[in-house]
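Reviewing the structure listed below.
The values are calculated or read from the model by the stated rules, or taken from the named source; none is laboratory data. Predicted model, so just to flag it, every value in this text is computed and none were measured. We place every Cβ from the backbone using ideal geometry, glycine too, and count neighbours over all the protein chains shown. Please note that ligands, DNA and RNA were not included when accessible areas were found on the heavy atoms of the full protein model with its side chains. Shrake-Rupley method; radii C 1.70, N 1.55, O 1.52, S 1.80 Å.
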Amino acid sequence: MKSITNEKTKGIFYIICAGFCFALMTFFVRLSGELPTMEKAFFRNVVAAFVSILMLAKSEGGFHIKKTSWPSLFFRSFCGTAGLICNFYAIDRLNISDANMLNKLSPFFAIIASYFILKEKANIIEWITVIIAFLGALFIIKPSFEMTSVYALIGALGGLGAGLAYTFVRKLGKMGERGPVIVMCFSVFSCIVTLPFLILNFVPMTAKQLVFLLLAGASATGGQLNITKAYTYAPAKEISVFDYTQVLFAALLGFLFLGQIPDVYSVIGYVIIIGCALYKWHYNKNQAD
């Protein structure tokens, strides 16, 4: 029991660190200004690819990848890349706290995905929190015929991609695959996907924009390594609530440096979604005790 508790504590620590890093990433992406989404996505991933390759080169296992890991690595990379592109698209068009909150629907999507991919069955309480959380997302999306609603919906699709990706991260962790391998495959895959768009629609950057994108990439690398460690230590349903610290960090950065204040409907959505996450976590904790 003590070993399980220690594993969970490590998972919580790493997921909070990831939340701070990812909030910094969205902040720097926004500061990089008017650049194509694919260009931003490429530079976000090229740093992570470089760092993870260096880590693997210096590791004992080198670049060895288990044969059984390849299918899950592909789906983790594909879903993660799709989610990332949607998230970056939303970051440029919404308050960064709204974009982060919609991306944080990922743990609820992960619960659904875990049922089909990992055969980790959720109970009726968890399914109810999933439904209520998605209803809360409607306050942020604010369905209408305006483009803002479309941007928010794309942000929610980013959460879907991230939820599926983290489920495969959990599967790979259970299979014993190393974290840097997972990060490297995802980052290299994303660079390959976004490179043609970068070449065809390249927009020259100022030195400041390049620095901000490199900082976004460095922050994302830290977030990716930490989130990968977190989900290899504990299942999503036990630690995912702490992932919402990212929204708090993003809201603080947006308020202090960008002058962004979420409207009342978005705040209601935040309260509903985070409330569901807190209740689900508390319920699971009591069940375990």
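So the values come out like this:
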item	result
Residues that are open to solvent by less than 70 Å² (accessible area, probe 1.4 Å) and either modelled with pLDDT of 95 or more or part of a helix (DSSP H, G or I) (or both), drawn from region 55-74	56, 57, 69, 72, 73
Flag for residue 77 being open to solvent by less than 70 Å² (accessible area, probe 1.4 Å) and either closer than 14 Å to residue 186 by Cβ or touching a strand residue (DSSP E or B) at 6+ places or on another chain (Cβ under 8 Å) (or both)	yes
Hits in region 51-64 - residues which are hydroxyl-bearing (Ser, Thr, Tyr) and either without any contact (Cβ under 8 Å) to a residue 12 or more places away in the chain or touching a helix residue (DSSP H, G or I) at 6+ places or on another chain (Cβ under 6 Å) (or both)	52
Selection from region 13-54 of residues that are open to solvent by 10 Å² or more (accessible area, probe 1.4 Å), hydroxyl-bearing (Ser, Thr, Tyr) and over 20 Å from residue 180 (Cβ atoms)	37
Unmet criterion (only one of (1) crowded, with 22+ Cβ neighbours inside 10 Å; (2) under 26 Å from residue 6 (Cβ atoms); (3) within 15 Å of the chain's Cα centre (by Cα)) for residue 181	(3)
Every pair of residues 6+ apart whose Cβ atoms lie under 7 Å, when the first sits in region 65-86 and is at negative phi while the second is β-branched (Val, Ile, Thr) and outside any helix (DSSP H, G or I)	none
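One line per residue, one yes/no per condition, for (1) closer than 30 Å to residue 138 by Cβ; (2) buried (at least 19 other Cβ atoms within 10 Å of the Cβ); (3) free of Cβ contacts under 8 Å to residues at least 60 places away in the same chain:
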position: 199; (1), (2), (3): no, no, yes
position: 206; (1), (2), (3): no, no, yes
position: 211; (1), (2), (3): no, no, yes
position: 219; (1), (2), (3): yes, yes, no
position: 262; (1), (2), (3): yes, yes, no
position: 269; (1), (2), (3): yes, yes, no
position: 279; (1), (2), (3): yes, no, no
